[in-house]
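See below for the structure under consideration.
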Amino acid sequence: MTRNNQKWYDKPISKLILVTIALTWIFPIFGFVLSSFRPGESIKRESWWDAIYTGKLWTELTLANYSEIFFADNLDRSFYNSFAVTIPSTIIPITIAAFAAYAFAFMEFRGKEVLFLFVVGSMIIPLQMSLIPLVQLFKSGIEVFGIPIIPELDLNGTFVATWFAHTGFGLPLATFLLRDFMMGLPKSVIESAKIDGASNMTTFFKLVLPLSVAGIAAFGTFQFLWVYNDFLVANVFLGVYNPENLVVTSHVSQLAVGAYGEAWHLRTSGAIISMIVPLIVFFSLQRFFIRGLIGGAVKG
Amino acid sequence: MKKPLLVSFLLLTLILGACGGGSLEGEEVSITGALIGTDQDGFRAAFEPFMEETGIVVTYQGSDNFEQEIQIQMESGDTPDFALWPQPGAVVDAANRGMLTPLADLDIDLEQYQNDFSAYLVGLGTVDGVIYGGANAANLKSIVWYQPAEFEARGYSVPSTWDEMIALADQIVADGMNPFCFGMYSNGASGWLATDWMEDIMLRTGNGVDSYDQWVNHEIPFNDPVVKNAATLLSQIMHTEGYVVGGTDAIVSTYFGNAQDPMFSKDANGNPGCFMHRQASFITGFWPEGEKAGAGTVTTVFPFPSIDASLPAAALGGGDMWGAFNDRDATKAVAEYMLSAEFYNNVATRPDNARLSAHTGFDTSLYAAPINKILGDTIAAALSANSFRFDASDLMPPEVGAGSFWKEMMNLAVEGPGYIDTALDTIENSWP
Amino acid sequence: MRETTQQEKLMSIGISMLALGIFPLIWFLSQALLFRELTDAISRNLLVVVALIIGSSFIFLLFLGMDKIIKLAPKDNRDALEARMFVGPSLFMISLFLFYPAVRTIYISFKDRYSKDFIGFENYKWAFSDPEMIVTIRNQIIWLFFVVFFVLLIGLVVGWLSDRLNKGEAFFKSIVFLPMAISAVGASAIFKFIYEYRPPPLTQIGIINGIRVSVDRLGAQCMNNRIINGEFNGFDNENCLKPIGWLQQRDMSNLPFAQSLDANNWFNNIVVNLPVNTMLLMLIMIWMFTGFAAVVFSAGIKAIPQEIMEAGQIDGASEIRVFRSIVIPYIKSTIIVVGTYMVVTVLKAFDIIYVSTRGDLETNLLAVKMLDEFSKYRNFGRSATVAVLIFVCVLPIIIGTAIREKENAQS
C-alpha cells in the first residue's frame, strides 16, 4: 500500500478525534445512570468513581430507587395520560401540515409565497406568548363585537385542549419540513398522475403520502419527543388542579423534587424512567428520522 | 316525655343529614398551590375527615410551576376554587386585580378569624380594609439549629445575646473549627437566606418591630443607618475569616437545602463541619434521611439571640395564605374548614410533616415530631403577643423583595463588607 | 366557454363557505364538545382509549368531509377551492393559536403592569436600561454566538469524519445523536450532577469538583472522603484545592490560572471576565443539539458526487483543504438551514436555564426573563416587551429565509 493510497481518515488522528468526541458525549450520562442504581446515602457518602475504584459499587447496586418511583401511586395512570396527549398531538398537526405542504409544493394558488412566509415566520413565536389567549379561547370561546364566533367551550382539563394547543405550536415547523421534503420528490411522477386525471385527493393519498413516509416519520418523531417531554402545556391545559390529569414528566419531576434537597437517587432514576419512552421511540424511528431530515435540509 | 325528644332528635339528624349530604354531597372543590411531595400528601390528608363528613370532594394538586400557572389561570379567567400562595404579597396582588372573593362573602366570622390567627397575619391579606387572604400554615425563622451534645462535649454554652454568639464563634475558630453553616443558593431565589438574617437583626435593633414595619413599608429608606447597621452585623458573620465553613465561596454556592449537612458530617477527630445554622423550621424536610428523626432532640434550636437588650423578643416567620376565587356553597364550607383549629390535626400527626398551623388555638401536643411542638408553641405565643413578623422580602414589592434585595445580598457575600453602601443604595434605587 | 350565471356563482360561494368555514367549525366543535362530555361521563381508562382512537382518526374526517362538499361545486371552480381546502386548516390554526396571540402581545407591551393604561415606550426604555435586562441581553448574544458556532463546528467535524469511517459510522452518530431524545429538563439534571457543589467537609459527588479536590498537592494527600478498607479518608487538609460552585461563578476570578494572569493586559481582562456559569450552561445545549447537526451534515456530505471529491484528492490537496474548498461550499445551504434552526432554537431557549439556575447570578436568558416578569414580578407589560424583543431578534432571520426562498424559486 503506497502512502498516497492510504486514506487520511484511516489515520489514527481522525479516529482519535471521533473517539474523543464520542466518549465526551457519552460520559455525562454514564455517572448519572450509574448513580440511579446506588442507594441515596451512598451517593452522598462516596463519589461514584471512588466507589468503582474501591470496588464497593458492585455490592451496593440496587433497583430500589426505580421501584420507589415506578410503584408510586398512579404512575401508570400518568403514563396513559401521556399517551392520550402525545399520540393525537402528533398525528393531528402532521395530517394538517401534510395537506398544506402538498398544496405549497404542487398546487398553484394566489398568495402562495406570502402565505408560506406567514407559516415560516410563525415558527419563531415563543410558546409562552400564546398560552393565555389559548386558555381564554378554550374556556370562553371568541366573541367579536358581542357576537359569539366560537361559543363557550369549557375545554380546559380535557385532552382535546392539549391536542389543539400542541397542534398550533407544532404546525409551522411541520409544514415547513414536509413541504421541503415533498419538493424533493420527483416532480415528473406527480405531474404524470395529474395528466392521467387523478384528483389532488387521490394523488395525495395514493402517491405523495407513501413517498413522504420518511419525512412524516421524521417530523413525527420530533413532535412526539417534544410533546412527550413537555409539561408546561400539559400542566396548563390539563393538570393544574386535577391530580387525575398528570402526565408522566410532570409526575416524575414532582416525585423527584418533592423528596427535597439532595435526592439524587430519585432525581437520577426519575429522569431515566421518564426517558424510557422517548428513547424507545427514538431508536425505533431513528432511521426514518435521519432520512427525513436529509430530504428536508439537504439540497445540492 | 321521652318520645317527643327522640322524635325531635331524629328530625334534627334528618335535617342535618339533608343539609350536609343533600346540598353539597359530591360537590367538587379544587385547590392548587406550590406544595408538592410530602407537603402535598399532608395537605391532602388534612381534608380527609372533612370529605368524609360533608361528602364534598376536595382535590389538591401542587406544581413546581405553580406561580406561573396560576398567573395564566387568572389572566384567562379559568381558575380553581382556591389557590394557596407561599407569600401574602401574591394574595394582595390577586385581590388588587379583582380576582379574589372577600372572606366576608364566604360567610367567615371575621372577628373570630382575627382572634384565631392574630390581627397581624390577617392584616397581611387585607386590601383597603377588605380581608381576602386566609392564613394557613406558618413557619418560624428566628431560630438557630445546633446539636446540644456537641456543645456539651466542648463546654460551649448556648448564646442568648449577639455578643455571646460572636464570643462563642471566636472560641470555635480558636479551637480550629468553623462555627457557622451558611448556604444561600436557591434556584431563582438565591439570596433569601441573607435577607432572612437581615430581617432577624432588624427585629432586634433600632426600634425593633416598629422600625421593621417602617422598613417593610418603605417609610425609612433602604440605606437608613438602622438598615446599614443590620447589614454590617450580617457581614460580620459572612466575612469574618473562619466563621462560615467553606468561606464566602460556600455561602454563595451552597444550595440552602444542603447547607446544614456539614453539621451532620464529622471529620477524623469527630468534629462537625459547623456548630450553628440559622434557618427556618422547614429545613428539617431537607435534612438527610437519617437525621430527620433527631429533630428536636439530637439537633434542636435555640432562639435567635437578642441584640438590643431593651427590645422585647420578636419572632420572624413566613407562611402560606390562600385566596378564594368564588363564593359557591362548597367553597364556603371548605374555607370555613381551613380556618378551623382542627384543620391541621391530621397533618400534625404525620411523622414527616414539617408544616405548622398558624392557628393560635391549635393543639400543639398533636405534633408527632418533638421539634414541631417547640416551634408551634413559639409561633402561637409570638402571634398572641403581636411580636410575630412576616418575612420582609415577601411583603416588599416583588421588584425589591424577589429582585434587588436577594440579588444584592448575593453580591454582598461575594464582594465583602466594603460593598454594603453600594448594595443598600442599589436596593433603595430599585424601589418602585 | 359559457358564461357563469348568477345562480352558479351564488352556489359556488355557498359551497365554498360550507366547505371552508362551516364544516371545519362543526368538526372542531363536535370534537370539543364530545370530549368535554365524555371526560366526566366515562371511566378514565375508557377515556384514554377513546381519546387515542378519536384523536388520531377524526382529523381525516375533516379533509374527507371538506372534499365531499367541494365535489358538489362546478368543475371549473374546484381547483381553487381544493387549494384553499388543503392549506386552510393549517393557516387557520396558525393564525388563531400563534399569530393572534403575538399581535396581542405587541399591544400589551405598550401598557402598564396590569395592562390597564397605555404608557408609551416606558417598557422599552426599561428593557434597555435595567441592569438585569442588559445582562440578559448580553447572555443572549453570547449564547447565540457560541452555541450556534460550536454546534455547527462539532457537527461538521463529526459528520465529516464519521462519514468516511469504514465501519462504526452509525454507532458514532447514534452516540452523538442520543441527547436529542432527552428532554432539556433531563439534560440539565445530568449536567447539574457533573457540576454539583457541596460545601467542603462533604464528599464531592460532582466529577469536576471531585477531581479538583482529589489532586495531591504541596505534599498533601487529597482523598475526597474516599473509603479505603472501611477507613474514611477525609480531606481536611488545608493544602488541598477547594471545590467550586461552578454554576455560581460569574467570572474566572476563583480559578487559579486566571488569578495568575497580569491584570493590565486587555486580553487577560477579557479572559478573567468570562462568565463561567453561562459557558457551562451553554455546554448543555451544545451537547443536546450537535448530534442533530452532525446527522444532517453527514447526509449532505454523502450527497457530494464522488468525482468531485476524488478530483480534489488527486490534485494532491490536503484533506483540510478539500474540506474547506469542496465540502463546505457544497453543503453551504445545508449549513445555513441548520444554522437558522439553531438561531431560532437558542432564542427560544428556556428549559435549561429554567431548571438549572432560573437566571440567578447573571445567567438569565430572554425567554426566562419574560416568564420572570410575568409570574415573579407580575408585570405583564414588561413581560410582553421581552417577548417582543425575542421577536425582533428573529426578524432578520425570517427576512433572510424569505430572500433565500425567492432565490430558490427563481433558480
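The values are calculated or read from the model by the stated rules, or taken from the named source; none is laboratory data. All values derive from a computational prediction rather than experimental measurement. Methodologically, a virtual Cβ is constructed for each residue, glycine included, from the backbone with ideal geometry; neighbour enumeration extends over all protein chains shown.
Below, the figures for the structure above:
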quantity	calculated
Residue within the stretch C:352-360 that is more than 9 Å from every other protein chain (Cβ to nearest Cβ) and more than 22 Å from residue C:127 (Cα to Cα) present	yes
Count of the stretch C:255-286 residues which are without any contact (Cβ under 8 Å) to a residue 12 or more places away in the chain and either among the β-branched types (Val, Ile, Thr) or closer than 30 Å to residue C:184 by Cβ (or both)	1
Given (1) under 23 Å from residue A:166 (Cβ atoms); (2) crowded, with 20+ Cβ neighbours inside 10 Å, index of the condition residue C:25 fails	(2)
Filtered residue count, the stretch A:119-138, keeping only those that are more than 7 Å from chain C (Cβ to nearest Cβ) and either touching a helix residue (DSSP H, G or I) at 6+ places or on another chain (Cβ under 6 Å) or surrounded by fewer than 22 Cβ atoms within 10 Å (Cβ to Cβ) (or both)	6
Residue check for residue B:333: over 19 Å from residue B:115 (Cα atoms), away from chain A (no Cβ under 14 Å), over 17 Å from the mean Cα position of the chain (by Cα) and outside any loop (DSSP other than H, G, I, E, B)	yes
Number of the exception - residue C:98 against (1) assigned to a helix (DSSP H, G or I); (2) under 19 Å from residue C:370 (Cα atoms); (3) free of Cβ contacts under 8 Å to residues at least 12 places away in the same chain; (4) more than 10 Å from every other protein chain (Cβ to nearest Cβ)	(4)
Pairs, first within 14 Å of chain A (Cβ to nearest Cβ) in the stretch C:210-224, second small (Gly, Ala, Ser), C-beta under 6 Å, six or more apart	C:210/A:47; C:222/C:214; C:224/C:210; C:224/C:214
Single residue of the stretch B:32-46 satisfying the filter (at the interface with another protein chain (Cβ under 7 Å from one of its Cβ atoms) and outside any helix (DSSP H, G or I)) that is farthest from residue B:351 (Cα to Cα)	B:32
Identity of the residue in the stretch C:4-22, within 42 Å of the chain's Cα centre (by Cα) and surrounded by fewer than 13 Cβ atoms within 10 Å (Cβ to Cβ), that ends up nearest to residue C:70 (Cα to Cα)	C:17
Scope the stretch C:305-331; condition surrounded by fewer than 17 Cβ atoms within 10 Å (Cβ to Cβ), of a type outside the set (Asp, Glu) and not in a helix (DSSP H, G or I); matching residues	C:305, C:316, C:317, C:318
Tally, over the stretch A:165-197, of residues that are crowded, with 24+ Cβ neighbours inside 10 Å and over 19 Å from residue A:120 (Cα atoms)	0
Condition met for residue B:281 (within 9 Å of chain C (Cβ to nearest Cβ), under 24 Å from the mean Cα position of the chain (by Cα), buried (at least 24 other Cβ atoms within 10 Å of the Cβ) and not basic (Lys, Arg))	no
Within the stretch A:112-167, considering residues that are under 27 Å from the mean Cα position of the chain (by Cα) and of a type in the set (S, T, N, Q), the one farthest from residue C:350 (Cα to Cα)	A:158
Some residue of the stretch B:329-347 being farther than 23 Å from residue B:90 by Cα, surrounded by fewer than 16 Cβ atoms within 10 Å (Cβ to Cβ), β-branched (Val, Ile, Thr) and assigned by TED's automatic domain parsing to the domain that holds residue B:381	no
Subset of the stretch A:130-161 that is in contact with a Ser or Thr (Cβ under 6 Å, 6 or more places away or on another chain) and not charged (D, E, K, R) - its residue that is modelled with the highest pLDDT	A:158
All positions within the stretch C:165-191 that are surrounded by fewer than 22 Cβ atoms within 10 Å (Cβ to Cβ) and among the charged types (D, E, K, R)	C:167, C:169
Pairs where the first residue, in the stretch C:34-59, is within 7 Å of another protein chain (Cβ to nearest Cβ) and the second is of a type in the set (Phe, Trp, Tyr), C-beta under 6 Å, 6+ apart	C:48/A:80; C:51/A:159; C:55/A:163
Unique match (being part of a helix (DSSP H, G or I), surrounded by 22 or more Cβ atoms within 10 Å (Cβ to Cβ), in contact (Cβ under 8 Å) with a residue 12 or more places away in the chain and in contact with a Gly (Cβ under 6 Å, 6 or more places away or on another chain)) among C:385, C:334	C:334
Only listed residue being more than 10 Å from every other protein chain (Cβ to nearest Cβ) and surrounded by 14 or more Cβ atoms within 10 Å (Cβ to Cβ), chosen from C:111, C:75	C:111
Spans of helices (runs of 4 or more DSSP H) in the stretch B:52-152 with at least 3 residues away from every other protein chain (no Cβ under 14 Å) and hydrophobic (A, V, I, L, M, F, W, C)	B:119-124
Enumeration of residues in the stretch A:69-90 that are within 7 Å of chain C (Cβ to nearest Cβ) and surrounded by fewer than 24 Cβ atoms within 10 Å (Cβ to Cβ)	A:77, A:80, A:83, A:87
The listed residue being closer than 23 Å to residue A:115 by Cα, out of contact with any Cys (no Cβ under 9 Å at 6 or more places or on another chain) and not in a helix (DSSP H, G or I), out of A:185, A:177	A:185
Pair list, Cβ < 6 Å and 6+ apart or interchain, from the stretch B:341-355 residues that are closer than 14 Å to residue B:380 by Cβ to residues that are small (Gly, Ala, Ser) and surrounded by fewer than 16 Cβ atoms within 10 Å (Cβ to Cβ)	B:341/B:361
The one condition in (1) at pLDDT 90 or above; (2) touching a helix residue (DSSP H, G or I) at 6+ places or on another chain (Cβ under 9 Å); (3) in a loop (DSSP other than H, G, I, E, B) that residue B:326 fails to fulfil	(2)
Positions within the stretch B:172-207 being in contact with a Pro (Cβ under 7 Å, 6 or more places away or on another chain) and assigned to a loop (DSSP other than H, G, I, E, B), in sequence order	B:181, B:183
Helices (runs of 4 or more DSSP H) lying entirely in the stretch C:125-197 (those with 2 or more residues that are of a type in the set (Phe, Trp, Tyr) and modelled with pLDDT of 95 or more)	C:131-163
Flag if residue A:93 is at pLDDT 85 or above, more than 7 Å from chain C (Cβ to nearest Cβ), in contact with a Gly (Cβ under 7 Å, 6 or more places away or on another chain) and under 27 Å from residue A:233 (Cα atoms)	yes
